[in-house]
Amino acid sequence: MSHHPFAVTLAVIVRANDRFLMVEEWQQGRVMFNQPAGHLEPGETLLDGARRELLEETGLTLPLEQAVAIYQYEAPDNGTHFVRFTFCTEVPAPLATHPQDPDGDIIRCHWLTLAEIDALGDRLRSPLIMASFHDYLAGQRFPLSALKKQS
């Protein structure tokens, strides 16, 4: 049996009316787009990690309202297995962003419509981006209280 890397990632859907917050970033030498997202760090809770990624990549401190879905995905290029927890929050209007990414991979943030995001095609970092938007828009949610950390 072969062993592949395993990663827990966190993503946040931020909605302002008909627009969604997307992050433009450098990824493996290419400009890609993603929701505010990243890897869970050792010792973090899922919610703390999602809030940290949102702050680092957008400069925003927002309450997470609900969870949308948990996705399991195997990257075809390198076999990495991902478990991705996607959360959501809504704001009344697009907010100014100020990325604070310590790695310097974030170029800028954009408030885009779903059609504009879909049109990015292969510049989307993962197929889980559109899947999570579709699940979100279909009303799929579960409460944050379902996520437990045992000490």
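The values are calculated or read from the model by the stated rules, or taken from the named source; none is laboratory data. Just so it is clear, the model here is predicted, and its values are computed rather than measured. Here the Cβ positions follow ideal geometry from the backbone for every residue, glycine too, while neighbour counts run over all protein chains shown. We work out accessible area using only protein heavy atoms, side chains counted, and drop any ligands, DNA or RNA first. Shrake-Rupley method; radii C 1.70, N 1.55, O 1.52, S 1.80 Å.
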Review point. Over 19 Å from Glu53 (Cα atoms) and in a loop (DSSP other than H, G, I, E, B): does that describe Ala115?
Key: no
Check your understanding: Can you name the strands (runs of 3 or more DSSP E) wholly within the stretch 18-103 that have at least 1 residues being over 25 Å from Ser151 (Cβ atoms) and among the acidic types (Asp, Glu)?
Key -> 19-27, 66-74, 81-90
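Could you tell me whether Ala138 is over 22 Å from Met32 (Cα atoms) and either at pLDDT 95 or above or not hydrophobic (A, V, I, L, M, F, W, C) (or both)?
Values: over 22 Å from Met32 (Cα atoms): yes; either at pLDDT 95 or above or not hydrophobic (A, V, I, L, M, F, W, C) (or both): yes.
Yes.
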Check your understanding: Which pairs have Cβ atoms under 8 Å, sit 6 or more apart or on different chains, and link a residue in the stretch 109-133 that is free of Cβ contacts under 8 Å to residues at least 24 places away in the same chain and within 19 Å of Ala75 (Cα to Cα) to one that is of a type in the set (D, E, K, R) and open to solvent by 80 Å² or more (accessible area, probe 1.4 Å)?
Key -> Met130/Asp118
Check your understanding: Tally time: how many residues in the stretch 118-151 are assigned to a loop (DSSP other than H, G, I, E, B), exposed (fewer than 13 other Cβ atoms within 10 Å of the Cβ) and out of contact with any Ser or Thr (no Cβ under 7 Å at 6 or more places or on another chain)?
Key -> 8
**Study point:** Flag if Ala115 is loosely packed, with under 14 Cβ neighbours inside 10 Å and touching a strand residue (DSSP E or B) at 6+ places or on another chain (Cβ under 9 Å)
**Key:** no
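Going by the conditions given, is Glu25 touching a residue at least 12 places away in the same chain (Cβ under 8 Å), among the charged types (D, E, K, R) and surrounded by fewer than 16 Cβ atoms within 10 Å (Cβ to Cβ)? Quick ask: steps written out before the conclusion?
Values: touching a residue at least 12 places away in the same chain (Cβ under 8 Å): yes; among the charged types (D, E, K, R): yes; surrounded by fewer than 16 Cβ atoms within 10 Å (Cβ to Cβ): no.
Answer is no for this residue.
Yes/no matrix, rows are residues, columns are (1) open to solvent by 50 Å² or more (accessible area, probe 1.4 Å); (2) under 21 Å from Gly139 (Cβ atoms); (3) at pLDDT below 95:
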residue: Asp48; (1), (2), (3): yes, no, no
residue: Leu62; (1), (2), (3): no, yes, no
residue: Ala67; (1), (2), (3): no, yes, no
residue: Thr86; (1), (2), (3): no, yes, no
residue: Pro102; (1), (2), (3): yes, no, yes
